[in-house]
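The values are calculated or read from the model by the stated rules, or taken from the named source; none is laboratory data. Bear in mind that the values here come from a model prediction, so they are computed numbers and not experimental data. Heads up, the Cβs are rebuilt from the backbone with ideal geometry, glycines too, and the neighbour counts pull from every protein chain shown. Accessible surface areas use protein heavy atoms only, side chains included; no ligands, DNA or RNA. Shrake-Rupley method; radii C 1.70, N 1.55, O 1.52, S 1.80 Å.
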Amino acid sequence: MTSNTEKLQKVLARAGLGSRREMEAAIEAGRVKVNGKVATLGDRIEMRDRVSFDDRPVTLRGAEETPRRVIMYNKPEGELCTRKDPEGRRTVFERLPRLKGERWIAIGRLDINTSGLLLFTTDGELANRLMHPSTQVEREYAVRVMGEVRKEHIVAMVEGVMLEDGPARFTDVQEFGGEGINTWFHVVIMEGRNREVRRLWESQGLTVSRLKRVRYGNIFLDKRAKAGEWVELSQDEIDDLALSAGMEPRKVPELTPDEKNRWSRDKNKRRPVQAMRKPRNSKGR
């Protein structure tokens, strides 16, 4: 009987330890134990089982018990979407407010040269649902393209092209002006494969010189978060996200006084993005 059991990686993600993909990697690496034995990928557990992660006990939660916080982060170019970088480069997680007993889980990724909207949540199931291709969540990007963009290029990218990892297409492409050989477009795509937006343009012999995500589902990047800053989403915004992922709304927990102080300190100590830019008198543009 498996009616009262769930996949181990799903329960770990719900406990706020990371995304399902991260938890699958942790299980394969032997970092997870169930009732004192090293777990294997494919294991199912019950809420009464004893689970440890890196030899630390994990508090298991039912779906309705998982705190659901979501923050929007405005990623500058030059930051990595990874928790730690062996080369010591700056990561997006260094900017986020600290959590006690939980971890921020990225809802999708952006490559190092892409800026804009990133969402993070404490709810692993919400992250998994929003990222899964079957959910069909729209991602909108502002794209500056170098080269002469012709109508046949747009038609091809909307109808679909074959990339090395399968077919891909934009569901919408709108021109937003520009000068000379640099033209801005807004494009919408329904999945988040690695460098997919750039590769679609490259398939037409065109080069993306700037790329910024401006929307994820119903969440638009707005003035609440400047480059390198984050803002917590409202109850209504989080509920809309949950509904778009086929999940029931859930009340966002109030921040405790300690959390409010910690989050305020984390915001104030952030490193200004300007410090990462080249000096005004630099000739290396």
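Give the residue, chosen from THR91, THR114, THR183, THR122, that is open to solvent by 20 Å² or more (accessible area, probe 1.4 Å) and of a type in the set (S, T, N, Q). Going through THR91, THR114, THR183, THR122 in turn, just one is open to solvent by 20 Å² or more (accessible area, probe 1.4 Å) and of a type in the set (S, T, N, Q): THR183.
One line per residue, one yes/no per condition, for (1) within 30 Å of SER234 (Cβ to Cβ); (2) not in a helix (DSSP H, G or I):
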position	(1), (2)
GLU24	no, no
ILE27	no, no
GLY42	no, yes
ASP49	no, yes
TYR73	yes, yes
ARG83	yes, yes
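Can you confirm whether the range 69-83 contains a residue that is open to solvent by 40 Å² or more (accessible area, probe 1.4 Å) and without any contact (Cβ under 8 Å) to a residue 24 or more places away in the chain? Yes, the range 69-83 has at least one match.
Listed here are the residues, each with its yes/no results for (1) open to solvent by 50 Å² or more (accessible area, probe 1.4 Å); (2) modelled with pLDDT under 95; (3) in contact with a Leu (Cβ under 7 Å, 6 or more places away or on another chain); (4) within 19 Å of THR122 (Cβ to Cβ).
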site: VAL11; (1), (2), (3), (4): no, yes, yes, yes
site: ASP49; (1), (2), (3), (4): no, yes, no, no
site: PRO57; (1), (2), (3), (4): yes, yes, no, yes
site: GLY62; (1), (2), (3), (4): no, yes, no, yes
site: THR66; (1), (2), (3), (4): no, yes, no, yes
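Candidates are the residues of the range 29-40 that are open to solvent by 60 Å² or more (accessible area, probe 1.4 Å) and in a strand (DSSP E or B); the one that is farthest from ALA13 (Cα to Cα) is LYS37. Checked against (1) among the small types (Gly, Ala, Ser); (2) open to solvent by less than 40 Å² (accessible area, probe 1.4 Å); (3) closer than 30 Å to LYS251 by Cα, ALA156 meets all criteria but (3).
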